[in-house]
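> The structure follows.
The values are calculated or read from the model by the stated rules, or taken from the named source; none is laboratory data. Everything numeric here is computed off the predicted structure, so don't read it as measured data. Cβ placement follows ideal geometry from the backbone for every residue including glycine, while neighbour counts extend to all protein chains displayed.
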Amino acid sequence: MAVYINQGGQDSVMPRSHDTKPIQLPPSFNRFILLMGASKGGSGKSTLGVNLAVTAYVCGLKTIIFDTDIEGDSGQQSCMRWAKLRGADGVVVRRARLERIDEAILWAERNGFTFIVIDTPGRDMAGMKQALNLADFMLTPSQPSPLDLQATEPIRRLWAVSTTPSSIALNMVIRDTLPRTRHYVARYAEQGAVLPAFVGRRVQYMDAMERGLGVSEYMPDDIGDREMRQLLTAIFAEAQKRKAA
Ligand SMILES: Nc1ncnc2c1ncn2[C@@H]1O[C@H](COP(=O)(O)OP(=O)(O)O)[C@@H](O)[C@H]1O
Ligand SMILES: [Mg+2]
């Protein structure tokens, strides 16, 4: 598959290496709804939502993102803004209201989308609860820091009242501090689930976003692409395991 990349202003098409395995939907799913949820802003919901959507798309899944962070002055519309930079290329992005996400999901299903990402503002816990019941998995990005650990408390309360599988993914991990990362994996694991896939704090996530791309397109086969593939694989594996249980 040829992938369009844009580095330092020079456009080029770089072939994807053959050793990257395509990721498929887990066997028990004919479509997958991923809810990006966190009780804290700035944790990386939009960044990881957009990047996971692109990674799924380059793996051949028909992908849509619903941006529900659209209301009022505090509505970031991060995915809508990204879509504007991207133009009409592959990943579909639509506005949706969290309280009417059931209708949006029906529309996506009718139109054959197989990977549906819901990005949320992370304030509306009531809306999130409803979306959680419709989703196949809720991913909560969180940083390895004491304040971020504390800030997941409202999300953990949601976990307690839903059967939808949910996990923390450690985001903005600083690479040279592995013992710290392990320490926080243990701390988060005490509170609930944490996925065995970490996302580093990397400029490529910001640079790809600025160009309307995901890291799997911007720097295929590089570390960000590998992180997104690992994360998507971990999400699918966990959802499949929970469904089979
Ligand atoms: N893995 C990462 N590496 C570098 N910067 C990141 C990463 N994840 C998020 N960011 C940055 O952190 C900020 C908040 O991320 P964002 O996705 O907007 O969070 P949220 O949607 O949860 O509010 C943004 O400036 C974004 O570029
Ligand atoms: Mg956001």
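> Could you pull out the residue among Thr177, Thr163 that is more than 16 Å from ligand 2 (Cβ to nearest atom), more than 24 Å from Gly122 (Cα to Cα) and among the polar types (S, T, N, Q)?
Thr177
> Can you tell me which residues in region 166-180 are of a type in the set (Ser, Thr, Tyr) and farther than 25 Å from Lys241 by Cα?
Of everything in region 166-180, just one residue is of a type in the set (Ser, Thr, Tyr) and farther than 25 Å from Lys241 by Cα, namely Thr177.
> Pairs under 6 Å by beta carbon, first residue without any contact (Cβ under 8 Å) to a residue 40 or more places away in the chain in region 157-179, partner within 11 Å of ligand 1 (Cβ to nearest atom), six or more apart or different chains?
Listed by first residue and then by second, the contacts come to Ile168/Thr140; Ile168/Ser142; Leu170/Phe198; Val173/Phe198; Val173/Gly200; Ile174/Arg201; Arg175/Gly200.
> I need the helices (runs of 4 or more DSSP H) fully contained in region 157-244, keeping only those with at least 3 residues that are out of contact with any Asp or Glu (no Cβ under 7 Å at 6 or more places or on another chain).
So the answer is 178-191, 203-210, 223-244.
> Output the qualifying pairs, or none if there are none: Cβ atoms under 9 angstrom, residues six or more apart or on different chains, first residue in region 63-91 and farther than 20 Å from Ala208 by Cβ and in contact (Cβ under 8 Å) with a residue 12 or more places away in the chain, second residue part of a strand (DSSP E or B) and away from ligand 2 (no atom under 16 Å from the Cβ).
Sorted first by the residue in region 63-91, then by its partner, the pairs are Phe66/Ile116.
> Do we find a residue being in a loop (DSSP other than H, G, I, E, B) and more than 21 Å from Arg211 (Cβ to Cβ) anywhere in region 98-106?
Within region 98-106 (the criterion being in a loop (DSSP other than H, G, I, E, B) and more than 21 Å from Arg211 (Cβ to Cβ)), the answer is no, since none of the residues qualifies.
> If you take the residues of region 204-244 that are aliphatic (A, V, I, L, M) and more than 26 Å from Arg31 (Cβ to Cβ), which of them is nearest to ligand 1 (Cβ to nearest atom)?
So, considering only residues that are aliphatic (A, V, I, L, M) and more than 26 Å from Arg31 (Cβ to Cβ), the one nearest to ligand 1 (Cβ to nearest atom) is Met206.
> Select from region 87-116 the residues that are basic (Lys, Arg) and either crowded, with 19+ Cβ neighbours inside 10 Å or over 18 Å from Tyr57 (Cβ atoms) (or both) and list them in ascending order.
Arg95, Arg97, Arg100, Arg110 - these are the residues of region 87-116 that are basic (Lys, Arg) and either crowded, with 19+ Cβ neighbours inside 10 Å or over 18 Å from Tyr57 (Cβ atoms) (or both).
> Just to be sure before I move on: is Met138 more than 30 Å from Gly87 (Cβ to Cβ) and within 16 Å of ligand 2 (Cβ to nearest atom) in the structure I sent?
no
> Can you confirm whether Ala96 is modelled with pLDDT of 95 or more, away from ligand 1 (no atom under 16 Å from the Cβ) and small (Gly, Ala, Ser)?
no
> Can you spot a residue in region 71-86 that is at pLDDT 95 or above, small (Gly, Ala, Ser) and under 15 Å from the mean Cα position of the chain (by Cα)?
Yes, that holds for at least one residue.
> Checking Leu85 against (1) in contact with an Asp or Glu (Cβ under 9 Å, 6 or more places away or on another chain); (2) near ligand 2 (Cβ under 9 Å from one of its atoms): exactly one of these is not met. Which one?
So Leu85 meets the others, but not (2).
> Okay, next question. Within region 94-120, restricting attention to residues that are in contact (Cβ under 8 Å) with a residue 60 or more places away in the chain and within 16 Å of ligand 2 (Cβ to nearest atom), which residue is nearest to Arg31 (Cα to Cα)?
Going through the qualifying residues, I end up with Val117.
> Assuming Glu227 fulfils every condition listed in (1) crowded, with 24+ Cβ neighbours inside 10 Å; (2) under 21 Å from Val93 (Cα atoms) apart from one, which condition is it?
Status for Glu227: all satisfied but (2).
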